[in-house]
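Before any comments, here is the structure.
The values are calculated or read from the model by the stated rules, or taken from the named source; none is laboratory data. Just so we're clear, the structure is a prediction, and the values are computed from it rather than from any experiment. Counting neighbours? That spans all protein chains shown, and the Cβs are built from the backbone with ideal geometry, glycine included.
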Amino acid sequence: MSLGQEPPQLLKQQLLYQGRKFNFEVSYLRLPNRSEGAWECIRHPGGALAVPVTLEGELVLVRQYRFALQGRLLEFPAGTVEPNETPAATIQRELEEETGYRASTWRSLGNFALAPGYSDELIYPFLATDLEKLDIQPEGDEDEDIEVVLMSPDALEKAIYAGEAIDAKLISSFMLAKPYL
């Protein structure tokens, strides 16, 4: 990815927080125009997301509690890319864990930056089709509160425009998948 001309000079870097899912650091830089400053950044390994479509054309979503917003958000199944794991492997595992579905056909929808003003996190969305409902109860992770929701693409689009579905990952991935739905 080419982002411009001469890169800034790194003067100093401080790790302020090292967490389970991300790190928070401050980098002190000298820009090509010689100005200097401090830039905060959340370092994240990236996430993978599925836009799962049943044989009947319904989307498989999850309604999940999100602490930062103090509420339950409608989202597509997703997860953090683990060390030594590809985004494709991450989302295949997460789809089964969160929803109890397995897809036999996967299509990459590219990637996008979630919040490039303060994070390096990239999301890797995939269209997941030819779904099979497994004979297992979705478990999710220990710290997740998830409800599986089936919804038509038209109903999801209405929820987005009504402000009822506000997750940026969901909205971006839905728009990327729309030509295939």
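Remarks
- Counted residues, segment 61-79 - those being without any contact (Cβ under 8 Å) to a residue 12 or more places away in the chain and of a type in the set (D, E, K, R): 1
- Yes/no for Q64 being in contact with a helix residue (DSSP H, G or I) (Cβ under 9 Å, 6 or more places away or on another chain) and either modelled with pLDDT under 95 or not assigned by TED's automatic domain parsing to the domain that holds I171 (or both): yes
- Subset of segment 1-31 (residues that are surrounded by 12 or more Cβ atoms within 10 Å (Cβ to Cβ) and out of contact with any strand residue (DSSP E or B) (no Cβ under 7 Å at 6 or more places or on another chain)): L31
- For segment 1-39, filtered to residues that are of a type in the set (A, V, I, L, M, F, W, C) and within 28 Å of A128 (Cα to Cα), the residue that is farthest from the chain's Cα centre (by Cα) is M1.
- Among residues of segment 115-125, those that are touching a strand residue (DSSP E or B) at 6+ places or on another chain (Cβ under 7 Å), surrounded by fewer than 18 Cβ atoms within 10 Å (Cβ to Cβ) and part of a loop (DSSP other than H, G, I, E, B), counted: 2
- Residue in segment 97-110 that is in a helix (DSSP H, G or I) and either in contact (Cβ under 8 Å) with a residue 60 or more places away in the chain or among the small types (G, A, S) (or both) present: no
- Whichever residue in segment 40-93 is under 12 Å from the mean Cα position of the chain (by Cα) and assigned to a loop (DSSP other than H, G, I, E, B) and, among such residues, is farthest from S104 (Cα to Cα): H44
- For first residues located in segment 138-159 and assigned by TED's automatic domain parsing to the domain that holds E58, partners that are of a type in the set (F, W, Y) and modelled with pLDDT of 95 or more and lie 6+ apart or on another chain with Cβ distances below 7 Å form the pairs L156/F174.
- Among the candidates E40, E58, E82, the residue that is in contact (Cβ under 8 Å) with a residue 60 or more places away in the chain, out of contact with any Asp or Glu (no Cβ under 8 Å at 6 or more places or on another chain) and either of a type in the set (D, E, K, R) or not assigned by TED's automatic domain parsing to the domain that holds D145 (or both) is uniquely E58.
- Residues that are surrounded by 15 or more Cβ atoms within 10 Å (Cβ to Cβ) and in contact with a Ser or Thr (Cβ under 6 Å, 6 or more places away or on another chain) were ranked within segment 127-151; the one that is modelled with the lowest pLDDT is P138.
- Subset of segment 152-181 [surrounded by fewer than 16 Cβ atoms within 10 Å (Cβ to Cβ), over 13 Å from F112 (Cβ atoms) and of a type in the set (G, A, S)]: S152, A155, A162, G163
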